[in-house]
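All of the numbers you see were taken from the coordinates with simple rules; none came from a lab. Everything quoted here is computed from the prediction, not taken from an experiment. We place every Cβ from the backbone using ideal geometry, glycine too, and count neighbours over all the protein chains shown.
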Amino acid sequence: MRITSLFDKTGSIGAIVAAMSCASCFPAVAALGASLGLGFLSEYEGLALNTLLPLFAGIALAANLISGLIHRHWWRMLAGIAGPAMVLGTLYPFWAYDWSTDMFYAGLVIMFVVSVWDIVSPPGGRRCASCETNGAKPT
C-alpha cells in the first residue's frame, strides 16, 4: 500500500470524524455522527474544531499533493487538493460568511469521493513522456 494513499485515507476519515464532533458548527454532519454512536465526541468539540480538523485536512492535502506530483495525474491531484483546501478555507478565511458551511460540506464530500476513487482506481505508475510515445511499453 502506498504511503500517500494511507495518509490520504487517514486525513479524509479524520476530518470527517472531527467534523462529526462539532454539533454547533456543522449540525448535519454532527447528526450523522450521533446516529452512528459518536455523540460522545461532542465534549471534545473545541479540540476537534481547532486542532484535529485542520490537522487531518492538512494531512490529506499534503498526501494528495505529493501523490499528484509523483504520479503526474493532474486531474486527480486537483480533485484531491480541492476538498481539503475547501475545508481549510472554511475554517480560516471564510468562516464568517453564510455560504461557508455549504463549502465545508462540499469539501468533505469531495474528500470522501476522492478517497473512494483512489481505492477503486489507484493512480498507477509514474507517467512520463518517454513511456507514452507511440503506445510503447516502458523497458
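Residues checked against (1) among the acidic types (Asp, Glu); (2) more than 12 Å from the chain's Cα centre (by Cα); (3) part of a helix (DSSP H, G or I); (4) within 21 Å of Phe7 (Cβ to Cβ):
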site	(1), (2), (3), (4)
Gly33	no, yes, yes, no
Glu45	yes, yes, yes, no
Ser67	no, yes, yes, yes
Gly80	no, no, yes, yes
Pro84	no, no, yes, yes
Leu88	no, no, yes, yes
Thr101	no, yes, yes, no
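For the criterion of being of a type in the set (Ser, Thr, Tyr), surrounded by 18 or more Cβ atoms within 10 Å (Cβ to Cβ) and at negative phi, Ser21 passes.
Within segment 43-63, being touching a Ser or Thr at 6+ places or on another chain (Cβ under 7 Å) and hydroxyl-bearing (Ser, Thr, Tyr) holds for one residue alone: Tyr44.
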